[in-house]
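Chemist: Sharing a structure with you now.
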Amino acid sequence: MKLLLTILALFTVSTAAPHRSSEVDLLLEDSFWDTVKEFANKLKERGLDFVCSAKIQELLDILGVDDRLDGTVKFVQDLLCKDEEETDALAKRSATIDALQAYGSFWSDIWETLKSWSHDKLCTTKLQDLMDILGLPDALDGTVEMIQGAICKFFPDPESVEKRELKITPVQHLQVVRGFEDTVKAIYERLKSYFRGLVCSSRLQQLLDLLGLPDDLDGAVEMAQEMLCGGASLASSLMVKHYAALEGFIDTILKLLEQFYTIGQEYVCSAGIPELLESLGLPSTMVWAAEIAFDWYCN
């Protein structure tokens, strides 16, 4: 309890320092205090008599960290062993700032290393795998997890940004229209396999759930339902609902692209469309949307 109160007091002192001008600075300081608490708890398991008489290198070896963190370990040792009543507020503030700046150099090394990775690699790699690659002990998993999360949040995938700014060419538009018509026909054939009364009396959301399709394809499903129940042709239905329904189909393609960017080009572009649909848990009626997304992503 005494240790916790001391950390809280020092944290309050450090927040008065004029070094927290950005979210990254805030993350750095939070990471520092998390590491201090983690190190303190691990060292206390060895007993204060040992910790307070040990050399810093011995403590570094116990914690499994290199000498880039000797300032942090010395700070923790002082925190555990020095009588806080004998240390004035100015000395505490100075020691805290010095330790935080030293830790910042180590933290920046990890930040720059992970930031140099591709977005896909960094944001899809499991934490334990990151720890192994970086050669860091479990005591620093909170630090690595925080940096990984921050980079993935603050720095968007360049490929994803490029995808969101995609402008559809006339050739791609024709590709979309053809794919959309084929999708409506496939949904129509699928609905024909169900009892007609069920299909014609069902609400649109019920049919989407029945077919396992996303909400963006509600226009396509509605057109197929009208063709089956109202006798409308695909051409006449397109005249009325073309733009809204087609827009939903394009949204479906773009969301598939989002998933492809997350999965990564190496897997997506070497897999077949049926394999991709299966891995994403999508029905065969989405084959044309998947084919277009595949073509735009890989070609």
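The values are calculated or read from the model by the stated rules, or taken from the named source; none is laboratory data. All of these numbers come straight from a predicted model, not from anything done at the bench. For neighbour counting, all protein chains shown are included, and Cβ atoms are generated from backbone atoms with ideal geometry for every residue, glycine included. In case anyone asks, the SASA skips ligands and DNA or RNA and just uses the protein heavy atoms, side chains included. Shrake-Rupley method; radii C 1.70, N 1.55, O 1.52, S 1.80 Å.
Chemist: With respect to Leu60, is the statement that it is within 29 Å of the chain's Cα centre (by Cα), surrounded by 15 or more Cβ atoms within 10 Å (Cβ to Cβ) and not β-branched (Val, Ile, Thr) true? First the steps, then the outcome.
Modeler: On the way: within 29 Å of the chain's Cα centre (by Cα): no; surrounded by 15 or more Cβ atoms within 10 Å (Cβ to Cβ): yes; not β-branched (Val, Ile, Thr): yes.
Taking the combined requirement at face value, the residue does not satisfy it.
Chemist: From (1) more than 23 Å from Phe260 (Cβ to Cβ); (2) at pLDDT below 80, pick out the condition that doesn't hold for Pro156.
Modeler: Pro156 satisfies every listed condition except (1).
Chemist: Conditions first: (1) crowded, with 19+ Cβ neighbours inside 10 Å; (2) closer than 13 Å to Ala245 by Cα. Asp218 passes all but one, so which condition is the exception?
Modeler: (1)
Residues are listed down the side, and each one gets a yes or a no for (1) touching a Phe, Trp or Tyr at 6+ places or on another chain (Cβ under 8 Å); (2) modelled with pLDDT of 90 or more; (3) over 30 Å from Gln265 (Cβ atoms); (4) among the aliphatic types (A, V, I, L, M):
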site: Cys52; (1), (2), (3), (4): no, yes, yes, no
site: Leu60; (1), (2), (3), (4): no, yes, yes, yes
site: Thr72; (1), (2), (3), (4): yes, yes, yes, no
site: Cys81; (1), (2), (3), (4): no, no, yes, no
site: Glu85; (1), (2), (3), (4): no, no, yes, no
site: Lys92; (1), (2), (3), (4): no, no, yes, no
site: Ser116; (1), (2), (3), (4): no, no, no, no
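Chemist: Consider Phe32 carefully, then state whether it is open to solvent by less than 40 Å² (accessible area, probe 1.4 Å), among the hydrophobic types (A, V, I, L, M, F, W, C), at pLDDT below 90 and in contact with a helix residue (DSSP H, G or I) (Cβ under 8 Å, 6 or more places away or on another chain). Spell out how you get there, then give the answer.
Modeler: Numbers: open to solvent by less than 40 Å² (accessible area, probe 1.4 Å): yes; among the hydrophobic types (A, V, I, L, M, F, W, C): yes; at pLDDT below 90: yes; in contact with a helix residue (DSSP H, G or I) (Cβ under 8 Å, 6 or more places away or on another chain): yes.
Taking the combined requirement at face value, the residue satisfies it.
Chemist: Something else about it: Looking at the stretch 209-242 only, could you name the residues that are in a loop (DSSP other than H, G, I, E, B) and modelled with pLDDT under 80? Lay out the reasoning, then the answer.
Modeler: Taking the stretch 209-242 first, the residues in a loop (DSSP other than H, G, I, E, B) are 212-214, 230-233.
Correct list: Gly230, Gly231, Ala232, Ser233.
Chemist: Could you look through the stretch 269-299, keep only residues that are assigned to a helix (DSSP H, G or I) and hydroxyl-bearing (Ser, Thr, Tyr), and pick out the one that is most open to solvent (accessible area, probe 1.4 Å)?
Modeler: Initial filter on the stretch 269-299 (assigned to a helix (DSSP H, G or I)): 273-280, 284-298.
Then keep just the ones that are hydroxyl-bearing (Ser, Thr, Tyr); that gives 279, 284-285, 297.
Values: Ser279: 68, Ser284: 86, Thr285: 11, Tyr297: 19 Å².
The qualifying residue most open to solvent (accessible area, probe 1.4 Å) is Ser284.
Chemist: Considering only the stretch 180-208, state which residues are open to solvent by less than 50 Å² (accessible area, probe 1.4 Å) and assigned to a loop (DSSP other than H, G, I, E, B).
Modeler: Passing the criteria: only Ser202.
Chemist: Give the residue that is farthest from Trp107 (Cα to Cα), with candidates limited to residues of the stretch 131-155 that are buried (at least 16 other Cβ atoms within 10 Å of the Cβ), among the β-branched types (Val, Ile, Thr) and without any contact (Cβ under 8 Å) to a residue 60 or more places away in the chain.
Modeler: Ile151
Chemist: Look at the stretch 88-110 and say how many of its residues are touching a residue at least 60 places away in the same chain (Cβ under 8 Å) and crowded, with 17+ Cβ neighbours inside 10 Å.
Modeler: 7
Chemist: What are the residues in the stretch 192-204 that are touching a helix residue (DSSP H, G or I) at 6+ places or on another chain (Cβ under 8 Å) and either of a type in the set (Ser, Thr, Tyr) or over 16 Å from Asp182 (Cα atoms) (or both), if any?
Modeler: Applying the first criterion (touching a helix residue (DSSP H, G or I) at 6+ places or on another chain (Cβ under 8 Å)) to the stretch 192-204 yields 192, 194, 196, 199-200, 202, 204.
Listed by number, the residues that qualify are Tyr194, Arg196, Val199, Cys200, Ser202, Leu204.
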